[in-house]
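Asker: Sending over a structure as structure tokens; questions will come in a sec.
The values are calculated or read from the model by the stated rules, or taken from the named source; none is laboratory data. If you're wondering where the values come from, they're calculated on a predicted model, not measured in any experiment. In this analysis, Cβ positions are derived from the backbone assuming ideal geometry, glycine residues included, and neighbour counts consider all displayed protein chains. We work out accessible area using only protein heavy atoms, side chains counted, and drop any ligands, DNA or RNA first. Shrake-Rupley method; radii C 1.70, N 1.55, O 1.52, S 1.80 Å.
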4 protein chains.
Amino acid sequence: MCRWLAYSGTPLLLDTILYKPAHSLIDQSLHSRLGVETTNGDGFGVGWYAQESIGTPALFTDVGPAWNNRNLRELADHVRSPLFFAHIRATTGTAVQQTNCHPFRHGRWMWMHNGAIADFHLLRRELTLLVSPELYADIEGTTDSEVMFYLALTFGLDRNPPEAVARMVGAVERVGRAHGVEFPLQMTIGVTDGERVWAFRYSSLGRSRSLFYSTRVDTLRKLHPDAAFLEEVSDDTRLVVSEPLGDLPGAWNEVPESTYGVIQDGMDELHPFVPEPV
Amino acid sequence: MCRWLAYSGTPLLLDTILYKPAHSLIDQSLHSRLGVETTNGDGFGVGWYAQESIGTPALFTDVGPAWNNRNLRELADHVRSPLFFAHIRATTGTAVQQTNCHPFRHGRWMWMHNGAIADFHLLRRELTLLVSPELYADIEGTTDSEVMFYLALTFGLDRNPPEAVARMVGAVERVGRAHGVEFPLQMTIGVTDGERVWAFRYSSLGRSRSLFYSTRVDTLRKLHPDAAFLEEVSDDTRLVVSEPLGDLPGAWNEVPESTYGVIQDGMDELHPFVPEPV
Amino acid sequence: MCRWLAYSGTPLLLDTILYKPAHSLIDQSLHSRLGVETTNGDGFGVGWYAQESIGTPALFTDVGPAWNNRNLRELADHVRSPLFFAHIRATTGTAVQQTNCHPFRHGRWMWMHNGAIADFHLLRRELTLLVSPELYADIEGTTDSEVMFYLALTFGLDRNPPEAVARMVGAVERVGRAHGVEFPLQMTIGVTDGERVWAFRYSSLGRSRSLFYSTRVDTLRKLHPDAAFLEEVSDDTRLVVSEPLGDLPGAWNEVPESTYGVIQDGMDELHPFVPEPV
Amino acid sequence: MCRWLAYSGTPLLLDTILYKPAHSLIDQSLHSRLGVETTNGDGFGVGWYAQESIGTPALFTDVGPAWNNRNLRELADHVRSPLFFAHIRATTGTAVQQTNCHPFRHGRWMWMHNGAIADFHLLRRELTLLVSPELYADIEGTTDSEVMFYLALTFGLDRNPPEAVARMVGAVERVGRAHGVEFPLQMTIGVTDGERVWAFRYSSLGRSRSLFYSTRVDTLRKLHPDAAFLEEVSDDTRLVVSEPLGDLPGAWNEVPESTYGVIQDGMDELHPFVPEPV
């Protein structure tokens, strides 16, 4: 389907994370190893918070592949950020257009998704009707991913992200099953308000798309005292990725099934994720 | 807003109508004379029925301006059709993307629109809910124009186009006024099933965007016995346009306010258009 | 690098050849089996001669991948042609832009290429200077492939294609070796004037990119009396492809190293290809 | 032809200059007042130096119009720079593609142009041959503007910009006249190395495209003590523009015919510009 990454920590040039690693996200756009599709060339997006306070993150999206995009190459070489999301898309059928590119944004929030709502064509109307009428008209694209975002916003994302996502999943599963869809949802989700990052891994079938988080930098430094890169980033620097970048042994840990993690203030936690009936 | 044209008659290279006239649609994309905006550069589309029977019309749309599009230039030089629509867009706010480009298509039907639903952001949810659930998930874009098309399809476009459009307008005006929008609709619409063409001119305020139809070719030949072009096309050849092409005196007639016309079998008729309460 | 196909024979909807076969060119854009790259997503092009006489072929090119292009899908469903070229690109470094998409056209001629001039950056100026001054300013893009086309035009492509291509190769090899490039050229080339098709397979190293031509249709019918598709096309229908489409046993024959073929009047011939010193 | 602006001074969000003024460059893309064309919708570019030291400027270019570009809107809201160029293009015939968008870049240098070489198709080969062979293969696009840049680089732009530009003009005029072109050049040019900005206004006919520079900020403050904007920028802040932004009386001064200006260290100077025979 898609691949994504979330970075939080020492402000870095985007290039350091997007292009430089051996199996970078840009490389994954051509040669994904763990994805359903090897090619993720149906548009991409990067969203970053500036170092200075601006409030909302900046978005850069395009409908072509990431691997040959000149502007992405330029931005990666010139933009530095302490918190950014990047996403490469392999469409499951909806149109290839900027409004369908992740990350999606609402105010200071960003959201990105890998996976799919099964039979979305069948469920789209009913799910969209559950979106708050105040939010409805802000939906710009036609993906399941954006509807999931707007459902989470409807269910209180800005108050309690894990609960809002649990209710969103509950709603999708209820509506799906009411229409005879046995396993309505597949998802890994990254979401942030610019300060904390939440990452979710879940699927109705219990066989979710892959998701990994990076090992604590202080631990990695002990494992790899010669890795110069690790000297440049702070202890609280973290990555969450669809599939590992690079080949540093010990650097990556799988997020377990039906689990979500939170990254904040140099700490991180994993919690079980359980859908909440709506 | 936008500019459009509908052609029906002797099969012609698209070039003959799209590029060759003195004030062609391509020229109008840069220098519209009668439009709200002089520039119509936010995407375009052409839909044509092939000479041989294929059933559905072909669509070619792009998000850039028509005036510099290499592929449109190529198609115009190589595609011949007896019935085609062309549309150049000036967005009133919705995204510039292929799924928002006119003409829209459903089965053998094509639809294009100039104008706007006032405060569409406010009315979008309620109007979209009036679309038949069977049709809802086929909506690909985010324009008011496409919602109008799906409402007309819901209200029986394939059985009785004038009535379906009258009911669509009735619905838009009822929903608009319920939300305090005094003049909810501005429209000229072209619609076809590949055999007949209907053209509508209407606005809630009674001051609609311009719309013109061409004079009968046999009449024009008497006026302009030296116009070689008129020898090449059959008597039943007709154009409907947002603003006149070329400068041939007597060639263009304004469609009156609150009126629709039908082109079929070499005949054409004008009828009053009255919204129908829904 | 790239993948291409050339079709000549019974007029067919492009769809029949571009999308329908099991391992179609569109499928090859995502999953090439024999190419240097598995993904060919850096633009594409189709060039076709209309059934009626127009003189020049029509070109449709775009900078995105072929696999998700809505307009290509539309054209394939609605355009019928007796002779067309299609090409999907994986850039070797030059910009992804329409003027670098194959096929290239000059008058009634079309040209497409898979391969590369080694160290083209180094040789570009000197090779470009060999292009006839009358033709020079018509070069629109920046690929090695287009320079090869203009060299062939300079060397008499419209009089004697095999000789012009042999001289082009001779020139590239001479200039390359003068700059210390041991194996200057890798190529398979398709070229046509709208009546005949020539296909070349050659490389300085003698290990050229793959190229196949289809078996005579009358022979295939005897092998596969149940293949309905074969009933629809004439005996003189032929395909030349970078890698086989579909899985019909006996349908494909490799063009030998240093060989060119000609398709004309239902006949085809293979000849040795030898560069000619210039 | 085109419109451009160069900004140098207090680091500002691009938005402040690109979108906010009453007659901003974005507005000029739709409604230029002084340009040859009212619409400048054939691509655009922005080049900016980051506040932190990175060496080369960042480029963002796109082939669509500036006025509806979502990414430009995002960058303008989130990128702050002390020195940036912006350019909107109306092609005089060459392809609409990113490699033809201004500003052009070489190392730390940026270059943008409004105007044209007359009969460039005729002169292209000979002018391109004057480019240094070491630089030749770096030419990525097909515009006269980029060839002018590479000629200036060939003639010592990084040592003495006014002299290099004078020699470039001398070369163009010599080659043009040798081919019977009476008035070979029309130009306003902006060029920078990231520290100083040079702006040139010249044409062979002596009737050049318009060019304006902004009045010293300290002078403007005395004229407009209530203009809050002027309090936010330093005395040495300067703009050079194809046509005035906004309507502040006294803010804009025309660059005279055959003149160039330099902006550096809060100072600026105007000098006569005289082509130098090459």
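Asker: Is it the case that the range C:121-131 has a residue that's surrounded by 20 or more Cβ atoms within 10 Å (Cβ to Cβ), farther than 23 Å from residue D:96 by Cβ and either in contact with a Pro (Cβ under 9 Å, 6 or more places away or on another chain) or in contact (Cβ under 8 Å) with a residue 40 or more places away in the chain (or both)?
Answerer: Checked against the condition, which is being surrounded by 20 or more Cβ atoms within 10 Å (Cβ to Cβ), farther than 23 Å from residue D:96 by Cβ and either in contact with a Pro (Cβ under 9 Å, 6 or more places away or on another chain) or in contact (Cβ under 8 Å) with a residue 40 or more places away in the chain (or both), the range C:121-131 yields at least one hit.
Asker: Then there's this: Which ones in the range B:212-234 are open to solvent by 60 Å² or more (accessible area, probe 1.4 Å) and within 15 Å of residue B:11 (Cβ to Cβ)?
Answerer: Listed by number, the residues that qualify are B:229, B:232.
Asker: Can you find even one residue in the range C:98-106 that is open to solvent by 30 Å² or more (accessible area, probe 1.4 Å), under 16 Å from the mean Cα position of the chain (by Cα) and under 26 Å from residue C:49 (Cβ atoms)? Walk me through how you get there before you give the answer.
Answerer: Initially, the range C:98-106 is screened for residues open to solvent by 30 Å² or more (accessible area, probe 1.4 Å), giving C:98, C:105-106.
This time we only want the ones that are under 16 Å from the mean Cα position of the chain (by Cα), so: C:105-106.
Then keep just the ones that are under 26 Å from residue C:49 (Cβ atoms); that gives C:105-106.
Checking the range C:98-106: at least one residue is open to solvent by 30 Å² or more (accessible area, probe 1.4 Å), under 16 Å from the mean Cα position of the chain (by Cα) and under 26 Å from residue C:49 (Cβ atoms).
Asker: Please enumerate the residues belonging to the range D:120-131 that are assigned to a loop (DSSP other than H, G, I, E, B) and more than 10 Å from every other protein chain (Cβ to nearest Cβ).
Answerer: Answer for the range D:120-131, where residues must be assigned to a loop (DSSP other than H, G, I, E, B) and more than 10 Å from every other protein chain (Cβ to nearest Cβ): just D:130.
Asker: Conditions first: (1) on the phi < 0 side of the Ramachandran plot; (2) surrounded by 22 or more Cβ atoms within 10 Å (Cβ to Cβ). Residue A:115 passes all but one, so which condition is the exception?
Answerer: Single failed check for residue A:115: (1).
Asker: Which ones in the range B:22-37 are touching a Leu at 6+ places or on another chain (Cβ under 8 Å) and either among the β-branched types (Val, Ile, Thr) or within 9 Å of chain C (Cβ to nearest Cβ) (or both)?
Answerer: Across the range B:22-37, the qualifying residue is only B:26.
Asker: Within the range C:228-273, work out how many residues are small (Gly, Ala, Ser) and within 21 Å of residue C:31 (Cα to Cα). If you could, list the steps in order and put the result at the bottom.
Answerer: Step one: filter the range C:228-273 for residues small (Gly, Ala, Ser), giving C:228, C:234, C:242, C:246, C:250-251, C:258, C:261, C:266.
Still in the running and within 21 Å of residue C:31 (Cα to Cα): C:242, C:246, C:251.
Residues that pass the stated criteria total 3.
Asker: Mind listing just one residue for me: the one in the range D:246-270 that is assigned to a strand (DSSP E or B) and closer than 11 Å to residue D:215 by Cα and, of those, modelled with the lowest pLDDT?
Answerer: So in the range D:246-270, the residues assigned to a strand (DSSP E or B) come out as D:252-254, D:259-264, D:267-270.
From the residues that got through so far, the ones that are closer than 11 Å to residue D:215 by Cα too are D:252-254, D:268.
Working: D:252: 93, D:253: 93, D:254: 95, D:268: 77.
Ranking the candidates gives D:268 first.
Asker: Considering only the range C:224-251, how many residues are free of Cβ contacts under 8 Å to residues at least 60 places away in the same chain, touching a Leu at 6+ places or on another chain (Cβ under 8 Å) and not small (Gly, Ala, Ser)?
Answerer: 4
Asker: Please go through the range B:25-73 and give me each residue that is within 25 Å of residue C:14 (Cβ to Cβ) and in contact with a Phe, Trp or Tyr (Cβ under 6 Å, 6 or more places away or on another chain), ordered by number.
Answerer: Residues satisfying the conditions are B:46, B:47, B:48, B:57, B:58, B:66, B:71.
Asker: From the list C:86, C:95, C:66, which one is within 23 Å of residue D:97 (Cα to Cα) and assigned to a strand (DSSP E or B)? Write out each step before concluding.
Answerer: Values: C:95 fails: assigned to a strand (DSSP E or B); C:66 fails: assigned to a strand (DSSP E or B).
Residue meeting the stated conditions: C:86.
Asker: If you go through the range B:25-37 one residue at a time, how many are open to solvent by less than 60 Å² (accessible area, probe 1.4 Å) and in a loop (DSSP other than H, G, I, E, B)?
Answerer: Step one: filter the range B:25-37 for residues open to solvent by less than 60 Å² (accessible area, probe 1.4 Å), giving B:25-30, B:32, B:35.
From what is left, the residues that are in a loop (DSSP other than H, G, I, E, B) are B:32, B:35.
Of the residues in that region, 2 qualify.
Asker: For the range A:199-211, what are the residues that are assigned to a loop (DSSP other than H, G, I, E, B) and crowded, with 20+ Cβ neighbours inside 10 Å? It would help to see each step written out before you state the result.
Answerer: Kept after step one, since they are assigned to a loop (DSSP other than H, G, I, E, B), are these residues of the range A:199-211: A:204-211.
Matches in the range A:199-211: A:204, A:208, A:209, A:211.
Asker: Which residue out of A:102, A:113 is part of a loop (DSSP other than H, G, I, E, B), modelled with pLDDT of 95 or more and more than 7 Å from every other protein chain (Cβ to nearest Cβ)?
Answerer: Details: A:113 fails: part of a loop (DSSP other than H, G, I, E, B).
From the options A:102, A:113, the qualifying one is A:102.
Asker: Let me ask you something else. Scan D:134, D:140 and give me the residue that is without any contact (Cβ under 8 Å) to a residue 12 or more places away in the chain and either more than 25 Å from residue D:201 (Cα to Cα) or assigned to a loop (DSSP other than H, G, I, E, B) (or both).
Answerer: On the way: D:140 fails: without any contact (Cβ under 8 Å) to a residue 12 or more places away in the chain.
That would be D:134, the only listed residue that is without any contact (Cβ under 8 Å) to a residue 12 or more places away in the chain and either more than 25 Å from residue D:201 (Cα to Cα) or assigned to a loop (DSSP other than H, G, I, E, B) (or both).
Asker: Shifting gears a bit: Please work out which one of (1) modelled with pLDDT of 95 or more; (2) surrounded by fewer than 23 Cβ atoms within 10 Å (Cβ to Cβ) is the condition residue C:190 fails and give its number.
Answerer: Residue C:190 satisfies every listed condition except (2).
Asker: Kindly provide the set of residues from the range A:48-97 that are farther than 26 Å from residue A:147 by Cβ and open to solvent by 50 Å² or more (accessible area, probe 1.4 Å), ordered by number. Lay out the reasoning, then the answer.
Answerer: As a first pass, look at the range A:48-97 and keep what is farther than 26 Å from residue A:147 by Cβ: A:50-54, A:67-82.
Answer for the range A:48-97, where residues must be farther than 26 Å from residue A:147 by Cβ and open to solvent by 50 Å² or more (accessible area, probe 1.4 Å): A:51, A:52, A:53, A:54, A:70, A:73, A:77, A:80.
Asker: For the range B:234-249, does any single residue satisfy the condition of being within 27 Å of residue B:130 (Cα to Cα), under 17 Å from the mean Cα position of the chain (by Cα) and among the small types (Gly, Ala, Ser)? I'd like the intermediate steps shown before the answer.
Answerer: To start, the set of residues in the range B:234-249 that are within 27 Å of residue B:130 (Cα to Cα) comprises none.
No, there is no match, as no residue in the range B:234-249 is within 27 Å of residue B:130 (Cα to Cα), under 17 Å from the mean Cα position of the chain (by Cα) and among the small types (Gly, Ala, Ser).
Asker: Let me ask you something else. Being open to solvent by 10 Å² or more (accessible area, probe 1.4 Å) and touching a Ser or Thr at 6+ places or on another chain (Cβ under 9 Å) is the filter; apply it to the range B:162-176 and report the residue that is nearest to residue B:34 (Cα to Cα).
Answerer: Across the range B:162-176, the extreme among qualifying residues is B:173.
Asker: Which residue, of A:200, A:273, A:229, is over 18 Å from residue A:82 (Cβ atoms) and either within 16 Å of the chain's Cα centre (by Cα) or modelled with pLDDT under 95 (or both)? Talk me through it step by step, then tell me what you get.
Answerer: Details: A:273 fails: either within 16 Å of the chain's Cα centre (by Cα) or modelled with pLDDT under 95 (or both); A:229 fails: over 18 Å from residue A:82 (Cβ atoms).
Of A:200, A:273, A:229, the one residue that is over 18 Å from residue A:82 (Cβ atoms) and either within 16 Å of the chain's Cα centre (by Cα) or modelled with pLDDT under 95 (or both) is A:200.
Asker: In addition: Within the range D:141-161, how many residues turn out to be within 14 Å of chain C (Cβ to nearest Cβ) and among the charged types (D, E, K, R)? Please lay out each step first, then the result.
Answerer: To start, the set of residues in the range D:141-161 that are within 14 Å of chain C (Cβ to nearest Cβ) comprises D:141-144, D:146-147, D:150, D:154.
Now drop any that are not among the charged types (D, E, K, R), which leaves D:144, D:146.
Summing the residues that are within 14 Å of chain C (Cβ to nearest Cβ) and among the charged types (D, E, K, R) in the range D:141-161 gives 2.
Asker: Now for a different question. Return yes or no: is residue C:45 touching a Ser or Thr at 6+ places or on another chain (Cβ under 9 Å) and within 14 Å of chain B (Cβ to nearest Cβ)?
Answerer: So residue C:45 passes the test.
Asker: So, one more: Restricting attention to the range B:162-175, does a residue exist that is within 14 Å of chain A (Cβ to nearest Cβ) and farther than 17 Å from residue A:125 by Cα? Explain how you work it out, then say what you get.
Answerer: Filtering the range B:162-175 down to residues within 14 Å of chain A (Cβ to nearest Cβ) leaves B:175.
Retained after the next criterion (residues that are farther than 17 Å from residue A:125 by Cα): B:175.
Checking the range B:162-175: at least one residue is within 14 Å of chain A (Cβ to nearest Cβ) and farther than 17 Å from residue A:125 by Cα.
Asker: Step by step: first the residues of the range A:51-90, then only those that are without any contact (Cβ under 8 Å) to a residue 40 or more places away in the chain and small (Gly, Ala, Ser), then the one that is farthest from the other protein chains (Cβ to nearest Cβ). Which residue is that?
Answerer: Filtering first and then ranking leaves A:53.
Asker: While we're looking at this one, here's another question. For residues in the range B:235-265 being under 21 Å from residue B:82 (Cβ atoms) and among the small types (Gly, Ala, Ser), which is surrounded by the fewest Cβ atoms within 10 Å (Cβ to Cβ)? Give the derivation first.
Answerer: Step one: list which residues in the range B:235-265 are under 21 Å from residue B:82 (Cβ atoms), which gives B:235-241, B:245-246, B:251, B:261-265.
Right, trim to among the small types (Gly, Ala, Ser) and you get B:246, B:251, B:261.
Values: B:246: 13, B:251: 21, B:261: 21.
Only one residue tops the list, namely B:246.
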